[in-house]
Amino acid sequence: MSRMRFRETRIFGTEGELFGDGRYLRVYRFVRGERVIDLETEGEGSIRTGHGGGDLGLVRAFLEALARGDEGLLEPFAEAVLAHRLTFLAEAARREGRVVGVENPLP
């Protein structure tokens, strides 16, 4: 069992590195030093709080794309739905100890 905490991201580059933990973004440049940005994020950033608030933004963008008829923006959402569906089916297969067949609905 792991403790509840924010997701962490680390990116390393030739001029420095970035580290984000859901609350703070640390920008470290090898020549200039470190800058810490407080993101003032509320909640613990878990699935129980909508992935730290990101879900609301995705739903808003999806609904705006529907209203505009912007099909180009809708394709990534279809892929996200498929990815979630596959995850749920994989979990069902694991729990039930069986193989689950899946047809790919994407072109």
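The values are calculated or read from the model by the stated rules, or taken from the named source; none is laboratory data. Since this is a predicted model, take the numbers as computed values, not measurements. All Cβ positions, even for glycine, are placed from backbone atoms using ideal geometry, and neighbour counts span all protein chains on display. All accessible areas refer to the heavy atoms of the entire protein, side chains included, with ligands and DNA or RNA removed. Shrake-Rupley method; radii C 1.70, N 1.55, O 1.52, S 1.80 Å.
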Amide H to amide H under 5 Å from L39: which residues, 5+ apart in sequence or cross-chain, H placed 1.01 Å off N in plane?
Y24, L25
Please list V36, V100 in order of solvent-accessible area, largest first, computed with a 1.4 Å probe with all protein chains present.
V36, V100
What is the gain in length, in nm to one decimal, between E71 and F19 on full extension, counting 0.36 nm per residue of separation less the C-alpha to C-alpha distance?
15.3 nm
Would you tally the net charge around F19, using a Cβ to Cβ cut-off of less than 10 Å, leaving F19 out, and scoring K and R as +1, D and E as -1?
-2
